[in-house]
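Reviewing the structure listed below.
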Amino acid sequence: RNTAEKFEFQAEVSRLMDIIINSLYSNKDIFLRELISNASDALDKIRFLSLTDKEVLGEGDNAKLDIQIKLDKEKKILSIRDRGIGMTKEDLIKNLGTIAKSGTSAFVEKMQTSGDLNLIGQFGVGFYSVYLVADYVEVISKHNEDKQYVWESKADGAFAISEDTWNEPLGRGTEIRLHLREEAGEYLEESKLKDLVKKYSEFINFPIYLWASKEVDVEVPADEDESTDEDETSESSTSDDGESEKSEDEDAEDKPKTKTIKETTYEWELLNDVKAIWLRNPKEVTEEEYTKFYHSLAKDFGDEKPLAWSHFTAEGDVEFKAVLFVPPKAPHDLYESYYNANKANLRLYVRRVFISDEFDELLPKYLNFLMGLVDSDTLPLNVSREMLQQHSSLKTIKKKLIRKALDMIRKIADEDPDEANDKDKKDVENSSDDEKKGQYAKFWNEFGKSIKLGIIEDSVNRNRLAKLLRFETTKSDGKLTSLDQYISRMKSGQKDIFYITGPNKEQLEKSPFLERLKKKGYEVIYFTDPVDEYLMQYLMDYGDQKFQNVSKEGLKMGKDSKAKELKESFKDLTKWWKTALASENVDDVKISNRLADTPCVVVTSKFGWSANMERIMQAQTL
Ligand code: ADP
Ligand code: MG
């Protein structure tokens, strides 16, 4: 159209579209769930606005918050329409032409190496998956605060926007028209679309309708010419459900006056059941349903199951329902800019109405890897997001969520046969199934760092979190072990938990600090993650035990009767040595009981940085 304004896609977007359009990726189905997910987001937004301003919904059909799918077999068009918030002209340019989010290049790279498009929704570029099946796409949109516009593109590096003067007015919302490619004809089959909605969009909280054909029996006068019947019935029979036919039988006569023929009519067929899974009784929800629900929340439709979930109702002053999941894998950017990014993955609902998925106040940062939702009955519905953020019951919700989350994580360990301590076999009695085997190690590999950050940040739950810690030790034989297991193996007379820090296990194994401890049979924890140094500044003790860095002053093994004697007899030597080294260099020179073969070591004072910490700090300032 000559009135259309032309735009070029941002380079990143163009590249992404090229990849999509030329993709040999076989699972092209994903485009539908991405469009439905966008429609659902748009509906959530308008419903949220309507809480404080009823006017925004308008009247009649406009106020119906649903999603409609329609097929045009002749023109090969599949269209998806919602009565969501819609997009202004600005929105169209911004949302469907540029990508602000950093995830795009990460996704493009991933795509080029793996070719797997399945995760597209997680990267905030799901819309572009339409070009898997269409070569030309029109987006018609009407936002309350603007006119109706059409966005269109053939994925040739450019898109156009025009004020819409020819389509039917939408009232409000968005209609996406996919002009399907020749080879994508299957998406014009009703049965295919029904299957896809069942498979991928089961948990969408708005009704999804398909304009579906239906064969109905129609009674027509027996004697009449068929060609005239058709004209008459095609319109009028659509809303009849067969009731009226019965009444004609009343004046029965000898010879039948009517006959039955098949007619195809169309009607909106509801494809999903909108009852929210979290409102159901947990006992009645199957494992498969939780898994599917997780996939839809995470926009991850692989076949991996979540590592754990917890579905519960909190009662009392603050009532809410929640479902939490531990994903099978950490998202690609979990620890990137940990301290300034908002990456909460929890969806907040108030009485079934979606409020936000950007609520930092519900979970502490270190639990941002969890996926799930909270539906509160206590929070007020008709206030702004800012007001909600300050609501006093959020603190209570947060507290309970943390508890439940930590319980859920502990359960992964409790049920894992690999975690069994000889001393407490009871925990694994009913977890003989192979599925739970090795699950905690998997959790630890993906999210161990979060637990450590938790110990640093959350003093209230420090001990609970410390229970979840895993590490290797001089005796763990390459396997992970816990503090409880360590303690259960402590030698009699041993008071402290021994650990050593360093860049890697190989280096630590050779450390002279371990010589005597090993010889005497003491177990020492290896801490090799840079974050461990910080961790140990916060984790002072565990139960009755204190932690002792074996490269620092203060190491006490069991009783050593000779220690005093030795100290006395070498007094002159240590004194001489200390003056020889000068006080800027060393604090003290002492007789040590920690060595076996090495003649001497440099030990850090109790309060100073360990040698490993010095190394980390140096690396950071370089
Ligand atoms: P995401 O949904 O992760 O943001 P998408 O690529 O799927 O990424 O969509 C990009 C943006 O386009 C959305 O964030 C939204 O602002 C806008 N958008 C897409 N579809 C619709 C729709 N049906 N109604 C309103 N806005 C939409
Ligand atoms: Mg999307």
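The values are calculated or read from the model by the stated rules, or taken from the named source; none is laboratory data. Source: prediction; values computed, not measured. Backbone-built Cβ (ideal geometry, glycine too); neighbour counts: all protein chains shown.
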Yes/no for ALA596 being touching a residue at least 12 places away in the same chain (Cβ under 8 Å), of a type in the set (A, V, I, L, M, F, W, C), part of a helix (DSSP H, G or I) and under 30 Å from MET490 (Cβ atoms): no
Selection count, the range 71-127, where residues are within 9 Å of ligand 1 (Cβ to nearest atom) and basic (Lys, Arg): 3
Selected residue [farther than 22 Å from ASP407 by Cα, at pLDDT 85 or above, surrounded by 15 or more Cβ atoms within 10 Å (Cβ to Cβ) and of a type in the set (Ser, Thr, Tyr)] from TYR366, TYR349: TYR349
The range 124-138 residues that are closer than 15 Å to ASP156 by Cβ and of a type in the set (Asp, Glu), paired with ones that are in a loop (DSSP other than H, G, I, E, B) and more than 15 Å from ligand 1 (Cβ to nearest atom) (beta carbon under 9 Å, 6 or more apart): ASP135/LYS154; ASP135/ARG181; GLU138/ASN167
Strands (runs of 3 or more DSSP E) enclosed by the range 1-103 - at least 1 residues per element that are at pLDDT 95 or above and buried (at least 19 other Cβ atoms within 10 Å of the Cβ): 67-72, 77-82
Residue satisfying condition, being within 37 Å of the chain's Cα centre (by Cα), surrounded by fewer than 21 Cβ atoms within 10 Å (Cβ to Cβ), closer than 27 Å to TYR335 by Cα and aromatic (Phe, Trp, Tyr), within set TYR538, TYR526: TYR538
Evaluation of LEU469 against (1) more than 29 Å from the chain's Cα centre (by Cα); (2) closer than 30 Å to LEU363 by Cβ (one fails), failing number: (1)
Residue in the range 541-555 that is farthest from the chain's Cα centre (by Cα), counting only those that are in a loop (DSSP other than H, G, I, E, B) and surrounded by fewer than 16 Cβ atoms within 10 Å (Cβ to Cβ): GLY554
Residue check, LYS142 away from ligand 1 (no atom under 15 Å from the Cβ) and of a type in the set (D, E, K, R): no
The one condition in (1) under 38 Å from the mean Cα position of the chain (by Cα); (2) surrounded by 13 or more Cβ atoms within 10 Å (Cβ to Cβ) that LYS578 fails to fulfil: (1)
Matching residues, the range 262-275, being surrounded by 12 or more Cβ atoms within 10 Å (Cβ to Cβ) and at pLDDT 90 or above: GLU263, THR265, TYR266, GLU267, TRP268, GLU269, LEU270, LEU271, ASN272
Members of the range 369-385 found to be modelled with pLDDT of 90 or more and either within 27 Å of ALA106 (Cβ to Cβ) or surrounded by fewer than 20 Cβ atoms within 10 Å (Cβ to Cβ) (or both), listed by number: PHE369, LEU370, MET371, GLY372, LEU373
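Here's the yes/no breakdown for (1) in contact with a helix residue (DSSP H, G or I) (Cβ under 8 Å, 6 or more places away or on another chain); (2) assigned to a loop (DSSP other than H, G, I, E, B):
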site: TYR131; (1), (2): yes, no
site: GLU152; (1), (2): no, no
site: ALA160; (1), (2): no, no
site: LEU170; (1), (2): no, yes
site: ARG177; (1), (2): no, no
site: GLY185; (1), (2): no, no
site: ASN205; (1), (2): yes, yes
site: SER213; (1), (2): yes, no
Any hit, the range 8-15, residues being out of contact with any helix residue (DSSP H, G or I) (no Cβ under 9 Å at 6 or more places or on another chain), under 23 Å from ILE99 (Cα atoms), within 12 Å of ligand 1 (Cβ to nearest atom) and not acidic (Asp, Glu): no
Condition check for GLN148: within 16 Å of ligand 2 (Cβ to nearest atom) and either crowded, with 21+ Cβ neighbours inside 10 Å or of a type outside the set (A, V, I, L, M) (or both): no
Residues of the range 147-177 that turn out to be under 32 Å from the mean Cα position of the chain (by Cα), under 21 Å from LYS75 (Cα atoms) and within 13 Å of ligand 1 (Cβ to nearest atom), as a count: 5
From the options GLY124, GLY115, residue that is within 12 Å of ligand 2 (Cβ to nearest atom) and more than 25 Å from ASP164 (Cβ to Cβ): GLY124
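Yes/no per residue for (1) of a type outside the set (A, V, I, L, M, F, W, C); (2) in contact with a helix residue (DSSP H, G or I) (Cβ under 7 Å, 6 or more places away or on another chain):
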{"residue": "GLU59", "(1), (2)": "yes, no"}
{"residue": "ASN62", "(1), (2)": "yes, no"}
{"residue": "GLU74", "(1), (2)": "yes, no"}
{"residue": "ILE77", "(1), (2)": "no, no"}
{"residue": "ILE80", "(1), (2)": "no, yes"}
{"residue": "THR98", "(1), (2)": "yes, yes"}
{"residue": "ASP135", "(1), (2)": "yes, no"}
{"residue": "GLU138", "(1), (2)": "yes, no"}
